[in-house]
Amino acid sequence: MTVQRWDADLYDSRHDFVASLGGGLLDLLAAAPGERVLDAGCGTGDLTAALAEAGAEVVGVDASAEMVARGRARFPHLDLRVGDLRDPGSVGTGFDAVLSNAVLHWIPDADAAAATLAGALRPGGRLVAELGGRGNVAVIDRGARGLRAALGLPDAPDPWYFPGIADYAAVLERAGLEVTSARLFDRPTRLTGDDGLAAWVRMFGGHLLTGVTDPDTFLADLAVRLRPELHRDGSWWADYRRLRITAVRP
Ligand SMILES: C[S@@+](CC[C@H](N)C(=O)[O-])C[C@H]1O[C@@H](n2cnc3c(N)ncnc32)[C@H](O)[C@@H]1O
């Protein structure tokens with residue numbers, strides 16, 4: 001199975017908003033002390049640590065050895081493991097709850113990931129997840145692909161899966177879960193620094209730079225193209241659209 005490379009330093013230094021914006025999931029999950037919780041795609045461990053602080057017995061699993069190593073260095077007391085959510089054997093079973101923030105849109109084989117999450121839950125266990133939803137970062141994606149076309153570059157690969165509510169509810173139902181709520185909403189997200197857009201593309205949209213010989217110039221040209229739509233109040237804003245969904249295993 002191929003696994004995307006993640007730059008843990010760049011993630012923690014410039015993109016820690018991902019975990020903090022996912023913090024609302026903790027309230028939705030409302031883990032009780034002693035509950036066994038899986039943080040599915042734990043990254044560098046911020047939400048795993050928050051769950052542990054709330055008294056949960058938490059296990060974090062992530063496919064990136066670099067992100068897990070960083071998480072272990074930051075939070076040596078946490079149980080963080082390298083594992084792929086497409087592989088049910090890598091997460092374990094019997095959890096009271098599963099939390100997943102900003103992970104599932106990185107797994108186009110959505111049925112495999114959903115089967116793993118459903119299999120991790122005990123009967124009666126609950127899932128709280130947030131992922132990029134339909135239309136997520138469409139302005140950035142379109143802008144970069146348009147610039148590639150203008151430069152005569154072939155279209156870039158697409159590693160993202162941004163489903164709508166009906167699509168993703170069906171995925172979870174096929175995995176045997178009962179969907180209890182779903183919301184698709186715009187959440188424009190401020191990117192810090194004058195180079196905020198460029199740093200975001202380097203972190204999350206590396207595929208859009210495939211075959212680009214001079215990424216600095218490409219990103220500078222992209223910034224000029226997207227400034228009218230994505231720069232306001234002195235900042236860059238990513239056009240995030242999130243899908244927040246909860247489900248239970250009957
Ligand atoms: C944007 S980060 C989010 C990390 C964390 N949940 C947070 O809120 O900070 C996405 C994470 O998904 C992980 N990921 C992507 N595909 C995965 C897979 N198939 N199995 C497990 N983790 C995966 C990446 O390694 C990365 O750490």
Fill in the blank from the handout: Per the filter on segment 92-110, residues of a type outside the set (A, V, I, L, M) and within 13 Å of the ligand (Cβ to nearest atom) are SER100, ASN101, HIS105, TRP106, PRO108, ASP109
Fill in the blank from the handout: Within segment 50-71, restricting to residues that are open to solvent by 60 Å² or more (accessible area, probe 1.4 Å) and in contact (Cβ under 8 Å) with a residue 12 or more places away in the chain, the one that is farthest from the ligand (Cβ to nearest atom) is GLU57
Exercise for the section: Examine segment 122-138 for a residue that is open to solvent by less than 40 Å² (accessible area, probe 1.4 Å), farther than 15 Å from THR246 by Cα and in contact with an Asp or Glu (Cβ under 7 Å, 6 or more places away or on another chain), and state whether such a residue exists. Expected result: yes
Practice task
Collect the residues in segment 145-171 that are touching a residue at least 24 places away in the same chain (Cβ under 8 Å), within 27 Å of LEU25 (Cα to Cα), assigned to a helix (DSSP H, G or I) and open to solvent by 30 Å² or more (accessible area, probe 1.4 Å), keeping them in residue-number order.
Solution key: ILE165, ASP167
Practice task
Taking only segment 199-225 into account, find how many residues are farther than 17 Å from PRO159 by Cα, crowded, with 20+ Cβ neighbours inside 10 Å and touching a Leu at 6+ places or on another chain (Cβ under 7 Å).
Solution key: 2
Problem - Residues of segment 9-41 classified as open to solvent by less than 10 Å² (accessible area, probe 1.4 Å) and within 8 Å of the ligand (Cβ to nearest atom), total - result: 4
Problem - Selected residue (criterion: nearest to the ligand (Cβ to nearest atom)) from residues of segment 72-88 that are open to solvent by 70 Å² or more (accessible area, probe 1.4 Å) and out of contact with any Asp or Glu (no Cβ under 9 Å at 6 or more places or on another chain) - result: PRO88
Fill in the blank from the handout: By residue number, the members of segment 179-191 that are loosely packed, with under 14 Cβ neighbours inside 10 Å and over 18 Å from the mean Cα position of the chain (by Cα) are THR180, SER181
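The values are calculated or read from the model by the stated rules, or taken from the named source; none is laboratory data. Note that the structure is a prediction, hence the values are computed from the model and not measured. Every residue, glycine among them, receives a Cβ derived from its backbone with ideal geometry; neighbour counts consider all protein chains shown. Ligands, DNA and RNA are excluded from the accessible area calculation, which covers all protein heavy atoms including side chains. Shrake-Rupley method; radii C 1.70, N 1.55, O 1.52, S 1.80 Å.
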